[in-house]
Amino acid sequence: QRSGMTTHPDVKTIQALRQREETAYRLLYSAYYPMIERMVTRQHGTAADAQDVFQDTLVVLMRKLDDEHWQLTSSLKTYLYAIAHNLWLKRLASQQ
């Protein structure tokens, strides 16, 4: 941890994800998938849509984690929700 960097509750999870620890991915799924599924199904999506959106959300997160300069500026929950919501809105727009 660099000096001056605030200790965020999600720092350990981010470090584990950067090291590609499978337990960290399982934690993300159990902690955040239900929230994403609720958001998608409330907005005219199916559970299958929610699974796709969650997978795509994790891909976006992984790309960010590979950038050593990237820093989480919100909670992981808020960040994942925002990515998933944007992906879902794009998907809905493309279906129109």
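The values are calculated or read from the model by the stated rules, or taken from the named source; none is laboratory data. Computed from a predicted structure; not experimentally measured. Cβ coordinates were reconstructed from backbone atoms using ideal geometry, including for glycine residues, and neighbour counts include every protein chain displayed. Accessible surface is based on the protein model in full, side chains and every heavy atom, while ligands, DNA and RNA are left aside. Shrake-Rupley method; radii C 1.70, N 1.55, O 1.52, S 1.80 Å.
Miscellaneous remarks
- Its Cα centre serving as origin, the chain has a Cβ charge dipole (Lys and Arg +1, Asp and Glu -1) of approximately 180 debye.
- Contact order normalised by residue count of the chain, Cα under 8 Å, 6+ apart, percent: 31 percent
- Note that the chain presents 66 Å² accessible area per residue, ligands and nucleic acids not counted, probe 1.4 Å.
- Distance distribution P(r), the chain, all Cα-Cα pairs, bin width 5 angstrom from 0: 2, 13, 24, 24, 16, 11, 7, 2, 1, 0 percent.
- Solvent-accessible area assigned to carbon and sulfur over the chain amounts to 50 percent, based on a 1.4 Å probe.
- Relative packing of peptides 9-18, 77-86 - highest average C-beta neighbours within 10 Å first: 77-86, 9-18
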